[in-house]
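The values are calculated or read from the model by the stated rules, or taken from the named source; none is laboratory data. Fair warning: this is a prediction, and the values are worked out from it, not measured in the lab. Cβ: placed from backbone, ideal geometry, glycine included. Neighbour counts: every protein chain shown. We work out accessible area using only protein heavy atoms, side chains counted, and drop any ligands, DNA or RNA first. Shrake-Rupley method; radii C 1.70, N 1.55, O 1.52, S 1.80 Å.
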Amino acid sequence: ESCAAHGAEFGGTRCEGDLGTFTVLPEEKSVHYQRRHSAFALHSPASLDWPKLQATSTWLHLTGITPLVSAAARRSWDDALAAAQAAELPVSLDLNHRPQLGSLQSLWDIVAPHAARFELVILSLDQLRGLVQLQCPQRGLPPDASASDEECLGHMEALHRGWKCRRVALCRKRRDPSGVQLRWCLLTSFEDGEITSASTRDTPVVHVPKDECGGGSA
């Protein structure tokens, strides 16, 4: 009913359980997510026919949250990716690492074998920092919130040369004391062995979040 009300197509089998819940903690400016007992964490992977579900799709978007939620979720993540690759669908990945579910290293161990096949990998600044520490420690200190776009792009390019996916995007934001946020993206593209870069800093998204529930949830 919720999908129909919002114009979203529902596919697969709906098993018992919560879709997943989150609790906004405004005094802490944070959110608590409950995923381990969600329907997707507890579902049977055999109930999802990914080739059929993707038969009319033109794109598959994955999140790095899924494979760390449960063994069943990991299996379905793998199956969805395999079906998309067999059908030659472009695939994007929002790495979206959540430390509560596992380490960045454990997540990247899952992602790495597929990296070269991704059309787009989306990172946050924290994830960029962590991956630089894991994969390019010779570059010295990884970028922090005060790093310039040029510094971030340099680190993105270094990682991108190893991954060889089509594009890598980094989401950046700045909040002023009044609560207004500016959000923009950096992008590196890999073509014929060469990497080029772009930025939307000159045309940022300006908004004030209603709740402290993260950019994606907002």
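Of all DSSP beta bridges located in region 5-133, what percent are antiparallel, nearest 5? It would help to have the intermediate numbers written out before the result.
Working: 5 of 13 bridges.
In region 5-133, approximately 40 percent of DSSP beta bridges are antiparallel ones.
Set Lys and Arg Cβ to +1 and Asp and Glu Cβ to -1, take the dipole of region 23-115 about its Cα centre, and tell me which of S106, L95, F40 lies farthest positive.
Of the candidates, F40 comes out farthest on the positive side.
Treating the beta-carbon of each Lys and Arg as +1 and of each Asp and Glu as -1, no other charges, what is the dipole magnitude of region 159-210 about its Cα centre, to the nearest 20 debye? Intermediate results must be reported in sequence, preceding the final value.
Details: 11 positive and 5 negative charges, 70 e Å.
Computed about the Cα centre, the dipole is about 340 debye.
Tell me, what is the per residue accessible area of the chain in Å², probe radius 1.4 Å?
Values: 12770 Å² over 218 residues.
Accessible area per residue: 59 Å².
Determine the shape class of the chain: with a ≥ b ≥ c the square roots of the Cα gyration tensor eigenvalues, call it rounded for a/c under 1.5, and otherwise prolate if a/b is greater than b/c, oblate otherwise.
It is oblate, given that a/c is not under 1.5 and a/b is not larger than b/c.
Rounded to a whole number, what % of the accessible area of the chain do carbon and sulfur atoms account for, probe 1.4 Å? Don't skip to the end; give the middle numbers.
Details: 6730 of 12770 Å².
Carbon-and-sulfur percentage of accessible area, whole number: 53.
Charges only on Cβ, +1 for Lys and Arg, -1 for Asp and Glu: so what's the dipole of region 87-204 about the Cα centre, in debye to the nearest 20?
Values: 14 positive and 15 negative charges, 67 e Å.
Taking the Cα centre of region 87-204 as origin, the dipole is about 320 debye.
Looking at region 77-218 only, what percent of DSSP beta bridges run antiparallel? Nearest 5 please.
Details: 18 of 25 bridges.
Counting DSSP beta bridges with both partners in region 77-218, the antiparallel share is about 70 percent.
With a sphere of radius 15 Å drawn around the Cβ of H43, what net charge do the other residues whose Cβ falls strictly inside it have (Lys, Arg +1; Asp, Glu -1)?
Working: positive: R14, R35, R36, R74, R75; negative: E16, D18, D49, D78, D79.
Once all neighbours under 15 Å are counted, the net charge is 0.
Through the Karplus equation 6.51 cos²θ - 1.76 cosθ + 1.60, θ set to phi - 60°, convert the phi angles of region 39-47 into ³J(HN,Hα) values in whole Hz; use x for Gly and Pro.
Here the 3J(HN,Hα) series is 4, 6, 5, 9, 6, 8, x, 5, 7 Hz.
Could you size up the charge dipole of the chain around its Cα centre, putting +1 on the beta carbon of Lys and Arg and -1 on that of Asp and Glu, and report it in debye to the nearest 20?
Roughly 220 debye for the chain.
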